[in-house]
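The block underneath contains the structure these notes are about, expressed in structure tokens.
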Amino acid sequence: MTQNEINWPAALRATDSGEQAAAVRALHDVLHTGLRIALTGRSEVSEAHLEDFAQESLLRVLDRLDQFQGRSKFTTWAQAIALNVAFTELRRKRWQDVSLDALMADGEQMTEPTMIADDALGAEEDRTRLVATLRHAIENDLTPKQRAAMLGELREMPFDQIVELLGTSRSAGYKMLHDARRALKQRLHAAGITGADIQNAFNL
Amino acid sequence: MRPEVQRLTREQVGGIVKMLSLTTDREFNCGECLQHVSEFAECQLVSQPVGEVIAKVEQHLALCPECREEYEALMKILKAGQ
Ligand SMILES: [Zn+2]
């Protein structure tokens, strides 16, 4: 039987323990192979890591079996979960020593080589006005946590790390950031800056 | 002005502007994106147009570098299996 012919959810829930164990083994192999393809060439990922990721994602997939709605192949859905497990862990390792202070403000590692000066962005009046309005809004319209989350994103800090530092959950953190983006957008709108102005000013 | 706002670089302001231009009132969060990304990826693989719900995956991927990194890895796996 090929992978595509297996009814995975049924096999993984089979009451026949032999059949169920065989399905779990087969799924482990599928996830392990996928992770190897996805993570090949990364020097920080060893064989032991691949096995850990495969094991952990297998448990995650089995735990979420009820959430599979059959809108894609089961294996594609399971691989997406496995990649989420693996990349979350890799990002956590990369950023584990960064503190909230560094995220918020003056830490040396955050010092940027180029200061933003409005005229550095070009002489166009609309661009200068847009930048000034935006900076004012970031300064005055956002809560400290919203500002920290947005600056963290801009510094390419992993979102898991940001929400952990801010002491919130991933979904609450996403909502916080979404609300912040909407607040800034509204402020630009109130200042008479349209989507077209933004696109023209920044060549989007 | 706060130092962290003062120190925003040109690239970072550009990044915010891009985020704002992609912002809509109703968006998927990362969990919702993960729930639907497999369907989106399979559509992309065969260049099939996506429906309204799945289009929200594309919008989220444009805004979220982490989900995008995972999506690109998923595409790599799917392409290897073709
Ligand atoms: Zn995301």
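The values are calculated or read from the model by the stated rules, or taken from the named source; none is laboratory data. None of these values were measured; they are calculated from a predicted model. Cβ sites come from the backbone with ideal geometry, for glycine too, and all protein chains shown count toward neighbours. All accessible areas refer to the heavy atoms of the entire protein, side chains included, with ligands and DNA or RNA removed. Shrake-Rupley method; radii C 1.70, N 1.55, O 1.52, S 1.80 Å.
Residues of segment A:149-161 that are part of a helix (DSSP H, G or I) and surrounded by fewer than 21 Cβ atoms within 10 Å (Cβ to Cβ): A:LEU154, A:ASP160, A:GLN161.
Note on segment B:34-55: residues that are more than 7 Å from every other protein chain (Cβ to nearest Cβ), away from the ligand (no atom under 14 Å from the Cβ) and either open to solvent by 30 Å² or more (accessible area, probe 1.4 Å) or within 21 Å of A:ALA172 (Cα to Cα) (or both) total 11. In segment A:180-198, the count of residues that are more than 16 Å from the ligand (Cβ to nearest atom), within 22 Å of B:MET1 (Cβ to Cβ), outside any loop (DSSP other than H, G, I, E, B) and modelled with pLDDT under 75 is one or more. Would you check if there is a residue in segment A:71-78 being free of Cβ contacts under 8 Å to residues at least 12 places away in the same chain, small (Gly, Ala, Ser) and open to solvent by 40 Å² or more (accessible area, probe 1.4 Å)? No - not one qualifying residue is present in segment A:71-78. Scanning segment B:19-33 for residues that are within 12 Å of the ligand (Cβ to nearest atom), open to solvent by 30 Å² or more (accessible area, probe 1.4 Å) and not small (Gly, Ala, Ser) turns up B:ASN29, B:GLU32.
Taking each residue of segment B:13-29 that is farther than 13 Å from A:VAL131 by Cα and looking for partners that are aromatic (Phe, Trp, Tyr) with beta-carbon atoms closer than 7 Å, six or more apart or interchain, yields B:ASN29/A:TYR174. Looking only at segment A:162-171, decide whether some residue is surrounded by 17 or more Cβ atoms within 10 Å (Cβ to Cβ), within 15 Å of the ligand (Cβ to nearest atom), in a helix (DSSP H, G or I) and without any contact (Cβ under 8 Å) to a residue 60 or more places away in the chain. For segment A:162-171, residues surrounded by 17 or more Cβ atoms within 10 Å (Cβ to Cβ), within 15 Å of the ligand (Cβ to nearest atom), in a helix (DSSP H, G or I) and without any contact (Cβ under 8 Å) to a residue 60 or more places away in the chain: present.
Considering each of A:GLU139, A:GLU124 in turn, give the residue that is modelled with pLDDT under 80 and open to solvent by 10 Å² or more (accessible area, probe 1.4 Å). Quick ask: steps written out before the conclusion?
Values: A:GLU139 fails: modelled with pLDDT under 80.
The match here is A:GLU124.
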